[in-house]
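Participant: I'd like to ask some things about the structure below.
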């Protein structure tokens, strides 16, 4: 039986301080020991620092997406791969890569999509303000009501998919409304979602997400995809 392929996608914009730690933490040898072929892809989203060079030094394949935006970065990666299992992991070292094997097990059990839920797990002190915590809970509630599919953490940066699901997603998002776009597609098409509680770490560098602006964009995406 041929090896099943696992691909971990890391979208990155000026993350030279953390990209090496993220790559190093990926339990590649553990998964390879279980019979998987593992590929790490960093999508450099027009960085002006050494993100691309460091990722290459760490053995990752680098795709350059010159148009900035997380949605653009992930769409570029999805177009270029055809793995059995695909994971998305943020490049800021807030989401532990150590949960990937557990998420992979959920996909192997028959789930189509699995996400790492910060809100069902533990949030390190200072990792999220009370305002953002409340906002994340409200966005997850809105998404659950609109699509009739329960989700606890819509805006998580830790996702896993069966390869066939990725090919079936119609992504239009450019920026941080990516997760809302993915969830809307997944829920609308009836894919089964599992959640793995995770530990969310405090970000060491300045966040790129703007709470009010990006939150309103996420709401608009959820409503447009549901009723548009």
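The values are calculated or read from the model by the stated rules, or taken from the named source; none is laboratory data. Bear in mind the structure is a predicted one, so any value in this text is a computation, not a measurement. Ideal geometry is used to build each Cβ from the backbone, glycine not excepted, and the neighbour counts take in all protein chains shown.
For (1) under 24 Å from residue 81 (Cβ atoms); (2) part of a helix (DSSP H, G or I); (3) more than 17 Å from the chain's Cα centre (by Cα); (4) touching a residue at least 40 places away in the same chain (Cβ under 8 Å), each residue gets a yes or a no:
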{"residue": "135", "(1), (2), (3), (4)": "no, yes, yes, yes"}
{"residue": "144", "(1), (2), (3), (4)": "no, yes, yes, no"}
{"residue": "173", "(1), (2), (3), (4)": "yes, no, no, yes"}
{"residue": "226", "(1), (2), (3), (4)": "no, yes, yes, yes"}
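Participant: Consider residue 8 carefully, then state whether it is touching a strand residue (DSSP E or B) at 6+ places or on another chain (Cβ under 7 Å), touching a residue at least 12 places away in the same chain (Cβ under 8 Å) and closer than 14 Å to residue 83 by Cβ.
Facilitator: In short, yes.
Participant: Another one. Working only within the range 133-148, note down all residues that are buried (at least 16 other Cβ atoms within 10 Å of the Cβ) and either in contact with a strand residue (DSSP E or B) (Cβ under 9 Å, 6 or more places away or on another chain) or more than 16 Å from residue 112 (Cβ to Cβ) (or both).
Facilitator: Across the range 133-148, the qualifying residues are 135, 136, 139, 140, 142, 143, 144, 146.
Participant: Hey, another quick one. When you scan the range 205-227, do you find a residue that is in contact with a helix residue (DSSP H, G or I) (Cβ under 6 Å, 6 or more places away or on another chain), surrounded by fewer than 17 Cβ atoms within 10 Å (Cβ to Cβ) and modelled with pLDDT of 90 or more, even just one?
Facilitator: Yes; the residues of the range 205-227 include at least one that is in contact with a helix residue (DSSP H, G or I) (Cβ under 6 Å, 6 or more places away or on another chain), surrounded by fewer than 17 Cβ atoms within 10 Å (Cβ to Cβ) and modelled with pLDDT of 90 or more.
Participant: Is it fair to say residue 206 is farther than 23 Å from residue 108 by Cβ, in a helix (DSSP H, G or I) and over 17 Å from the mean Cα position of the chain (by Cα)?
Facilitator: Here the answer is no, as residue 206 does not meet what is asked.
Participant: Still on this structure: Counting just the residues of the range 175-203 that are within 14 Å of the chain's Cα centre (by Cα) and assigned to a loop (DSSP other than H, G, I, E, B), which one comes out nearest to residue 96 (Cα to Cα)?
Facilitator: The qualifying residue nearest to residue 96 (Cα to Cα) is 176.
Participant: Could you list, in sequence order, all residues of the range 160-174 that are within 23 Å of residue 38 (Cβ to Cβ) and buried (at least 16 other Cβ atoms within 10 Å of the Cβ)?
Facilitator: Result: 160, 161, 162, 163, 165, 166, 169.
Participant: Restricting to the range 110-123, name every residue that is out of contact with any strand residue (DSSP E or B) (no Cβ under 6 Å at 6 or more places or on another chain) and touching a residue at least 60 places away in the same chain (Cβ under 8 Å).
Facilitator: Listed by number, the list holds a single entry, 110.
Participant: I would also like to ask the following. Can you name the number of the only condition in (1) assigned to a loop (DSSP other than H, G, I, E, B); (2) modelled with pLDDT under 95; (3) surrounded by 18 or more Cβ atoms within 10 Å (Cβ to Cβ) that residue 151 fails?
Facilitator: (2)
Participant: Working carefully through the options 215, 126, find the one that is in contact (Cβ under 8 Å) with a residue 40 or more places away in the chain and part of a helix (DSSP H, G or I).
Facilitator: 215 is the lone residue from the list that is in contact (Cβ under 8 Å) with a residue 40 or more places away in the chain and part of a helix (DSSP H, G or I).
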